[in-house]
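**Student:** Dropping the structure in here first, questions after.
The values are calculated or read from the model by the stated rules, or taken from the named source; none is laboratory data. Just so it is clear, the structure is predicted and the values come from calculations on it, not from any experiment. Note that we place each Cβ from the backbone using ideal geometry, even for glycine, and neighbour counts take in every protein chain shown.
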There are 2 protein chains.
Amino acid sequence: MTADRSDAPLLLSRLAAIVGEAAVVTDATAMSPYLGEPRDLYHGRALCVLKPRTAREVGDILALCNAAGAPVIPQGGNTGLVGGQTPDASGASVVLSLERLNRIRAVDAAADAMTVEAGVTLAQAQDAAQAADRFFPLSLASEGSCTIGGNLATNAGGVHVIAFGSMRDLALGVEVALPDGRLLSTLGALRKDNTGYDLTRLFIGSEGTLGVITAATLKLFPRPRSRAVGFLGLRDPAQALKLLNFVKGRAGPMLNAFEVASRSGLDLVLRHIPGTRDPLAQPHEWYALVELAAFADGEAERAGAEILAAALDAGLAQDATLAQSLDQAAALWKLRESLSEAQKREGGSIKHDIAVPVSEIPRFIDEAGRRLAAAFPPARPVPFGHMGDGNIHYNVSQPVGADKAQFLARWAEINAIVHGVVRELGGSISAEHGIGRLKRDLLHETKDPVALDAMRAIKAALDPNGILNPGVLL
Amino acid sequence: MTADRSDAPLLLSRLAAIVGEAAVVTDATAMSPYLGEPRDLYHGRALCVLKPRTAREVGDILALCNAAGAPVIPQGGNTGLVGGQTPDASGASVVLSLERLNRIRAVDAAADAMTVEAGVTLAQAQDAAQAADRFFPLSLASEGSCTIGGNLATNAGGVHVIAFGSMRDLALGVEVALPDGRLLSTLGALRKDNTGYDLTRLFIGSEGTLGVITAATLKLFPRPRSRAVGFLGLRDPAQALKLLNFVKGRAGPMLNAFEVASRSGLDLVLRHIPGTRDPLAQPHEWYALVELAAFADGEAERAGAEILAAALDAGLAQDATLAQSLDQAAALWKLRESLSEAQKREGGSIKHDIAVPVSEIPRFIDEAGRRLAAAFPPARPVPFGHMGDGNIHYNVSQPVGADKAQFLARWAEINAIVHGVVRELGGSISAEHGIGRLKRDLLHETKDPVALDAMRAIKAALDPNGILNPGVLL
């Protein structure tokens with residue numbers, strides 16, 4: 001399917017005819033930032049990097065590449081963690097950057113919807129919502145540079161999924177360029193539309209393998225007027241589960257985040273991240289960060305104080321503190337948000353982005369810890385993440401003083417142990433980061449083969465020449 | 001594709017070998033309830049009605065019919081309003097009733113999830129949730145007889161969509177029998193799972209044309225501990241829109257329903273439904289029914305009283321009453337839920353199940369009313385429905401004293417006027433009832449042709465012989 005390399009100059013000149021010479025990048029230095037990715041696990045080569053400005057240009061690019069059999073690698077803010085945005089080593093691929101499709105097309109506050117292009121950053125989208133006195137709830141560490149297109153392609157999650165869901169829950173419609181060059185649109189501020197298959201959600205999370213998302217209509221929400229952030233010391237994950245269900249039953253949809261971390265994680269943050277301090281007097285084995293949001297002044301704070309006190313009374317936490325100011329709330333969140341960075345500074349870390357049913361989180365953490373301790377006694381699990389969604393970033397730090405490269409060489413072995421527990425508990429080997437190139441083989445080992453076949457049939461139906469992100473996902 | 005009729009006895013005996021003689025219904029009287037539908041617009045014939053007991057039997061039936069080229073018409077509680085569950089007149093189809101797949105397979109309160117089979121009625125599913133101290137929010141007029149399988153196949157909506165979404169939002173996974181007989185499963189209580197295409201939502205809302213849903217894992221929610229129901233008299237739909245946004249901004253996710261009706265609708269209810277009375281002292285042109293739910297005792301009532309008073313102060317309603325007891329709340333809901341029945345008793349009614357962006361509801365109602373009055377002065381629009389979702393059941397009652405059949409003969413003309421306004425406003429011609437046989441031609445006239453082509457490609461990929469519900473949707 002790959003084009004003959006001798007056709008490259010012709011393809012490049014035709015691409016330039018679509019987007020203009022200046023939007024076809026072939027210079028090695030200028031291409032370089034588009035050919036690697038944040039974890040430095042993947043680095044590829046490309047025929048060129050394209051920077052179209054309109055959806056129509058994206059469609060024309062696809063039609064041309066489809067006819068020429070040239071692979072197309074769509075790329076947003078290049079913050080993905082599974083190599084889904086990186087070309088392979090062949091040098092035959094066209095990297096399609098959506099960064100210049102960066103318009104806010106429309107904000108309709110009365111319909112609680114806005115239509116934005118794929119290259120708008122998540123932070124810009126959040127700001128556009130706020131400027132209309134609305135709230136767009138997706139929130140990620142990389143929100144300053146990741147783009148809505150990438151968020152959609154990977155069905156991004158983050159810290160507010162428990163209340164608002166992932167991108168599949170936050171988009172009302174999409175505009176997609178198909179391999180044959182046509183634009184498909186489900187854009188619009190409709191809250192209900194039962195006119196056929198759910199194409200919107202089929203494209204969302206398809207990692208650029210079925211079409212290129214060029215724009216989306218996103219849901220907006222009223223802006224909360226009060227917020228409460230609590231930090232609780234816990235005995236173990238079983239207590240965390242009881243606490244979660246206690247808070248859910250009392251806070252209902254006010255519950256906006258329920259994150260957990262082990263003491264091993266907090267220790268790394270306190271050691272490596274300047275300006276952090278333990279907000280509780282004594283150390284605890286586990287911690288939960290709980291956020292409530294509400295729509296009457298002071299309501300979240302009132303409810304937060306009441307629920308925290310009741311949880312302590314009921315023996316569902318060992319100790320707890322409630323932020324008394326925005327600064328205190330930010331400091332508590334910083335403990336949570338610095339976990340990845342702190343772990344990086346500590347040395348090598350073997351990562352897992354897993355989900356199990358929320359009720360199985362304690363069993364998962366116990367069992368994974370037990371098996372790892374038996375196989376690799378000095379490795380240090382640093383589990384943390386979105387307990388409210390059953391999603392744990394079960395990262396394993398290298399033994400103290402060990403050689404980083406030697407430790408990372410055991411990636412597959414440690415993966416096998418952790419994912420073995422995940423599979424026994426009916427879990428997922430990718431909760432929110434996607435499959436990309438990193439987990440493709442693993443997907444094929446673990447996914448229901450009938451579901452995989454259905455995915456392959458859909459891929460063949462919508463991208464018959466297989467030009468879109470080959471080697472990613474399927 | 002249809003099997004040769006001489007093969008019928010052989011097919012029947014093979015089907016009996018799968019499900020047992022007693023589960024193959026060929027007697028005309030026993031088949032009759034499965035061959036018509038509630039509005040009496042469609043009536044078909046069938047080779048037999050099958051009543052399998054397990055998903056495996058469903059798969060085996062499909063494999064056999066796929067090989068024989070026999071059309072399969074999946075059927076749940078047979079409450080659908082667009083003929084999607086009714087066989088055609090050929091007599092060659094197999095009606096596949098899921099009514100005996102009626103087990104609650106698992107309820108996991110700690111994971112807020114339950115797995116139920118397709119033939120479980122919605123009311124049974126609600127009860128199973130309640131027995132585990134949880135809430136399953138889907139609520140429809142037909143909940144006593146409609147089934148989870150049908151709710152999934154049609155992406156059912158109802159009165160709580162504003163807070164909880166439609167079935168695509170309420171299912172975590174599905175089990176589906178494919179035409180080749182294999183069972184595909186995404187069942188499980190995972191809140192996040194980014195391992196490929198969203199097959200779950202692709203099958204939900206596909207109206208039995210891609211596979212037969214045999215079971216699903218559904219989301220559960222904490223049970224609210226307080227509830228407030230208000231009934232407000234309004235000047236016009238523009239005031240209703242302002243009120244909606246006012247309440248959303250103050251109640252946030254406490255807002256569980258925002259329904260509207262015109263005075264013409266309330267008049268019909270008061271005339272035809274025994275035991276109803278106008279809860280407000282003076283008549284108003286429009287009404288809103290607003291429900292809040294919360295998780296602390298008395299919270300919804302407190303918030304409801306406060307928000308109602310503030311709305312009246314702000315001139316966003318002409319008058320209002322707040323239910324002071326469960327009986328009063330039920331009486332207010334009865335006014336809303338009796339609208340269809342009251343309209344039926346008044347005579348012929350031409351129906352529309354439309355959606356537009358919430359912000360366009362006032363313009364839609366004004367414009368549709370204006371054009372109808374110009375074309376059919378005596379016809380009486382009785383618009384009501386789910387304003388919070390932008391979904392109006394824009395039903396038009398026959399002129400007083402007119403001949404019902406003569407009026408109903410103008411169905412297509414009146415449809416054309418109302419749907420013309422819908423299209424101008426970027427709306428949907430089926431907000432929640434689906435396409436079925438009733439709106440198939442209309443779908444093909446109104447849907448983005450690129451989206452339609454993508455739907456056809458997916459259909460061909462998953463049901464290559466076209467045995468599943470032919471003539472429905474596509």
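**Student:** I need the full set of residues from the stretch A:37-85 which are of a type in the set (D, E, K, R) and either in a helix (DSSP H, G or I) or at pLDDT 95 or above (or both), in order please.
**Tutor:** Here is the first cut: in the stretch A:37-85, the ones of a type in the set (D, E, K, R) are A:37, A:39-40, A:45, A:51, A:53, A:56-57, A:60.
Hits for the stretch A:37-85 are A:Arg45, A:Lys51, A:Arg53, A:Arg56, A:Glu57, A:Asp60.
**Student:** Let me ask something else about it. Taking the stretch B:21-36 only, how many residues are part of a loop (DSSP other than H, G, I, E, B), more than 27 Å from the chain's Cα centre (by Cα) and closer than 20 Å to B:Val212 by Cα?
**Tutor:** So in the stretch B:21-36, the residues part of a loop (DSSP other than H, G, I, E, B) come out as B:26-27, B:35.
Now narrow it down to the ones that are more than 27 Å from the chain's Cα centre (by Cα): B:26-27.
Still in the list and also closer than 20 Å to B:Val212 by Cα: none.
The number of residues fulfilling the criteria is 0.
**Student:** Could you please tell me which pairs satisfy a Cβ distance under 6 Å, a separation of 6+ or placement on different chains, a first residue in the stretch B:88-104 that is on the phi > 0 side of the Ramachandran plot, and a second residue that is surrounded by fewer than 20 Cβ atoms within 10 Å (Cβ to Cβ) and of a type in the set (D, E, K, R)?
**Tutor:** Note: pairs meeting the criteria are B:Gly91/B:Arg45.
**Student:** Is the stretch B:213-228 home to any residue that is farther than 24 Å from B:Gln328 by Cβ, more than 10 Å from chain A (Cβ to nearest Cβ) and of a type in the set (Val, Ile, Thr)?
**Tutor:** At the first step, the residues of the stretch B:213-228 found to be farther than 24 Å from B:Gln328 by Cβ are B:213-222.
Then drop every residue that is not more than 10 Å from chain A (Cβ to nearest Cβ), which leaves B:213-216, B:218-220.
Filter again for of a type in the set (Val, Ile, Thr), leaving B:213-214.
So far as the stretch B:213-228 goes, yes, one or more of its residues are farther than 24 Å from B:Gln328 by Cβ, more than 10 Å from chain A (Cβ to nearest Cβ) and of a type in the set (Val, Ile, Thr).
**Student:** Shifting gears a bit: Are there any pairs, at least 6 apart or on different chains, whose C-beta atoms fall under 6 Å, with the first in the stretch B:33-52 and under 11 Å from B:Ser93 (Cα atoms) and the second among the polar types (S, T, N, Q) and not in a loop (DSSP other than H, G, I, E, B), and if so, which?
**Tutor:** B:Val49/B:Ser97
**Student:** Let me ask something else. Whether any residue in the stretch B:245-252 is out of contact with any Pro (no Cβ under 6 Å at 6 or more places or on another chain), small (Gly, Ala, Ser) and farther than 30 Å from A:Arg134 by Cβ is what I want to check.
**Tutor:** Looking only at the stretch B:245-252, we keep the residues that are out of contact with any Pro (no Cβ under 6 Å at 6 or more places or on another chain), and these are B:245-247, B:250-251.
Cutting the leftovers down to small (Gly, Ala, Ser) gives us B:251.
Now narrow it down to the ones that are farther than 30 Å from A:Arg134 by Cβ: none.
Checked against the condition, which is being out of contact with any Pro (no Cβ under 6 Å at 6 or more places or on another chain), small (Gly, Ala, Ser) and farther than 30 Å from A:Arg134 by Cβ, the stretch B:245-252 yields no hits at all.
**Student:** Still on this structure, please answer the following. What are the pairs, 6+ residues apart or on separate chains, where a residue within the stretch B:137-149 that is among the hydroxyl-bearing types (Ser, Thr, Tyr) has its Cβ under 8 Å from a residue that is modelled with pLDDT under 95 and not in a loop (DSSP other than H, G, I, E, B)?
**Tutor:** B:Ser139/B:Gly158
**Student:** Kindly provide the set of residues from the stretch A:107-163 that are among the aliphatic types (A, V, I, L, M) and more than 28 Å from A:Ala294 (Cβ to Cβ), ordered by number.
**Tutor:** A:Ala118, A:Val120, A:Leu152, A:Ala153
**Student:** State whether one or more residues within the stretch A:224-239 are within 18 Å of the chain's Cα centre (by Cα) and of a type in the set (Phe, Trp, Tyr). Don't jump to the end; show me each part of the working.
**Tutor:** If we filter the stretch A:224-239 for residues that are within 18 Å of the chain's Cα centre (by Cα), which is where we start, we get none.
For the stretch A:224-239, residues within 18 Å of the chain's Cα centre (by Cα) and of a type in the set (Phe, Trp, Tyr): absent.
**Student:** If I filter the stretch B:401-414 for residues that are under 17 Å from the mean Cα position of the chain (by Cα) and either buried (at least 20 other Cβ atoms within 10 Å of the Cβ) or under 25 Å from A:Gly196 (Cβ atoms) (or both), do I get at least one hit?
**Tutor:** Initially, the stretch B:401-414 is screened for residues under 17 Å from the mean Cα position of the chain (by Cα), giving none.
Checked the stretch B:401-414: no residue is under 17 Å from the mean Cα position of the chain (by Cα) and either buried (at least 20 other Cβ atoms within 10 Å of the Cβ) or under 25 Å from A:Gly196 (Cβ atoms) (or both).
**Student:** It is to be established whether one or more residues within the stretch A:412-428 are closer than 25 Å to A:Gln343 by Cβ, at pLDDT 95 or above, within 11 Å of chain B (Cβ to nearest Cβ) and in a helix (DSSP H, G or I).
**Tutor:** Yes, that holds for at least one residue.
**Student:** Go through the stretch B:414-433 and report how many residues are in contact with a strand residue (DSSP E or B) (Cβ under 9 Å, 6 or more places away or on another chain) and not polar (S, T, N, Q). First the steps, then the outcome.
**Tutor:** So in the stretch B:414-433, the residues in contact with a strand residue (DSSP E or B) (Cβ under 9 Å, 6 or more places away or on another chain) come out as B:414-415, B:418-419, B:421-422, B:427-433.
Filter once more, keeping what is not polar (S, T, N, Q): B:414, B:418-419, B:421-422, B:427, B:429, B:431-433.
So the answer is 10.
**Student:** Can A:Leu187 be described as touching a residue at least 60 places away in the same chain (Cβ under 8 Å), over 30 Å from A:Pro279 (Cβ atoms) and either more than 12 Å from chain B (Cβ to nearest Cβ) or touching a Ser or Thr at 6+ places or on another chain (Cβ under 9 Å) (or both)? Walk me through it before giving the result.
**Tutor:** On the way: touching a residue at least 60 places away in the same chain (Cβ under 8 Å): yes; over 30 Å from A:Pro279 (Cβ atoms): yes; either more than 12 Å from chain B (Cβ to nearest Cβ) or touching a Ser or Thr at 6+ places or on another chain (Cβ under 9 Å) (or both): yes.
For A:Leu187, the condition - touching a residue at least 60 places away in the same chain (Cβ under 8 Å), over 30 Å from A:Pro279 (Cβ atoms) and either more than 12 Å from chain B (Cβ to nearest Cβ) or touching a Ser or Thr at 6+ places or on another chain (Cβ under 9 Å) (or both) - is met.
**Student:** Restricting to the stretch B:364-380, and then to whatever is part of a helix (DSSP H, G or I) and free of Cβ contacts under 8 Å to residues at least 24 places away in the same chain, can you tell me which residue is nearest to B:Asp403 (Cα to Cα)?
**Tutor:** At the first step, the residues of the stretch B:364-380 found to be part of a helix (DSSP H, G or I) are B:364-375.
When the remaining residues are screened for being free of Cβ contacts under 8 Å to residues at least 24 places away in the same chain, the result is B:369-370, B:373-374.
On the way: B:Gly369: 22, B:Arg370: 23, B:Ala373: 19, B:Ala374: 20 Å.
So, considering only residues that are part of a helix (DSSP H, G or I) and free of Cβ contacts under 8 Å to residues at least 24 places away in the same chain, the one nearest to B:Asp403 (Cα to Cα) is B:Ala373.
**Student:** While we're here: For the stretch A:107-121, give me the residue count where each residue is of a type in the set (A, V, I, L, M, F, W, C), part of a loop (DSSP other than H, G, I, E, B) and in contact (Cβ under 8 Å) with a residue 40 or more places away in the chain.
**Tutor:** To start, the set of residues in the stretch A:107-121 that are of a type in the set (A, V, I, L, M, F, W, C) comprises A:107, A:109-111, A:113-114, A:116, A:118, A:120.
Add one more test, that the residue is part of a loop (DSSP other than H, G, I, E, B), and what stays is A:118, A:120.
Those still in the list that are in contact (Cβ under 8 Å) with a residue 40 or more places away in the chain too: A:118.
So the count comes out to 1.
**Student:** Taking interchain pairs and intrachain pairs at least six residues apart, which have beta carbon atoms under 8 angstrom, with the first residue in the stretch A:300-328 and free of Cβ contacts under 8 Å to residues at least 12 places away in the same chain and the second of a type in the set (D, E, K, R) and outside any helix (DSSP H, G or I)?
**Tutor:** Between residues of the stretch A:300-328 that are free of Cβ contacts under 8 Å to residues at least 12 places away in the same chain and residues that are of a type in the set (D, E, K, R) and outside any helix (DSSP H, G or I), the close pairs are A:Leu312/A:Asp319.
**Student:** Right, next: Quick one: in the stretch A:86-111, of everything that is touching a helix residue (DSSP H, G or I) at 6+ places or on another chain (Cβ under 7 Å) and of a type outside the set (A, V, I, L, M), which residue is nearest to the other protein chains (Cβ to nearest Cβ)?
**Tutor:** A:Asp108
**Student:** Quick one: is A:Gly196 within 9 Å of chain B (Cβ to nearest Cβ) and free of Cβ contacts under 8 Å to residues at least 24 places away in the same chain?
**Tutor:** Values: within 9 Å of chain B (Cβ to nearest Cβ): yes; free of Cβ contacts under 8 Å to residues at least 24 places away in the same chain: yes.
The answer is yes for A:Gly196.
**Student:** Can you pull out the residues in the stretch B:232-249 that are under 29 Å from A:Ala300 (Cβ atoms) and outside any helix (DSSP H, G or I)?
**Tutor:** Of all residues in the stretch B:232-249, those under 29 Å from A:Ala300 (Cβ atoms) come to B:232, B:240-249.
Within the stretch B:232-249, just B:Leu232 meets the criteria.
**Student:** Could I ask something else about it? Looking at the stretch B:382-397, which of its residues are more than 18 Å from B:Arg410 (Cα to Cα) and hydrophobic (A, V, I, L, M, F, W, C)?
**Tutor:** Within the stretch B:382-397, B:Phe384, B:Met387, B:Ile392 meet the criteria.
For (1) touching a strand residue (DSSP E or B) at 6+ places or on another chain (Cβ under 6 Å); (2) buried (at least 24 other Cβ atoms within 10 Å of the Cβ); (3) among the aliphatic types (A, V, I, L, M), each residue gets a yes or a no:
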site	(1), (2), (3)
A:Val176	yes, yes, yes
A:Asp180	no, no, no
A:Ala189	yes, yes, yes
A:Asp193	yes, yes, no
A:Thr209	yes, yes, no
A:Arg227	yes, no, no
A:Leu232	yes, yes, yes
A:Gln239	no, no, no
A:Phe246	no, no, no
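**Student:** Would you confirm, using the coordinates I've provided, whether B:Ala16 is within 21 Å of B:Leu178 (Cα to Cα) and in a helix (DSSP H, G or I)? Break it down stepwise before answering.
**Tutor:** Values: within 21 Å of B:Leu178 (Cα to Cα): yes; in a helix (DSSP H, G or I): yes.
Considered against the rule, which asks whether it is within 21 Å of B:Leu178 (Cα to Cα) and in a helix (DSSP H, G or I), B:Ala16 comes out as yes.
**Student:** Can you tell me which residues in the stretch B:429-468 are without any contact (Cβ under 8 Å) to a residue 60 or more places away in the chain, assigned to a loop (DSSP other than H, G, I, E, B) and more than 10 Å from chain A (Cβ to nearest Cβ)? I'd like the intermediate steps shown before the answer.
**Tutor:** At the first step, the residues of the stretch B:429-468 found to be without any contact (Cβ under 8 Å) to a residue 60 or more places away in the chain are B:440-457, B:460-461.
Remaining after also requiring assigned to a loop (DSSP other than H, G, I, E, B): B:447-448.
Across the stretch B:429-468, there are no qualifying residues.
**Student:** Among the residues of the stretch A:90-133, write down those that are of a type in the set (Asp, Glu), under 21 Å from the mean Cα position of the chain (by Cα) and buried (at least 17 other Cβ atoms within 10 Å of the Cβ). Don't jump to the end; show me each part of the working.
**Tutor:** From the stretch A:90-133, those of a type in the set (Asp, Glu) are A:99, A:108, A:112, A:117, A:127, A:133; that's our starting set.
So of that shortlist, the ones also under 21 Å from the mean Cα position of the chain (by Cα) come out as A:99, A:117, A:127.
Across the stretch A:90-133, the qualifying residues are A:Glu99, A:Glu117.
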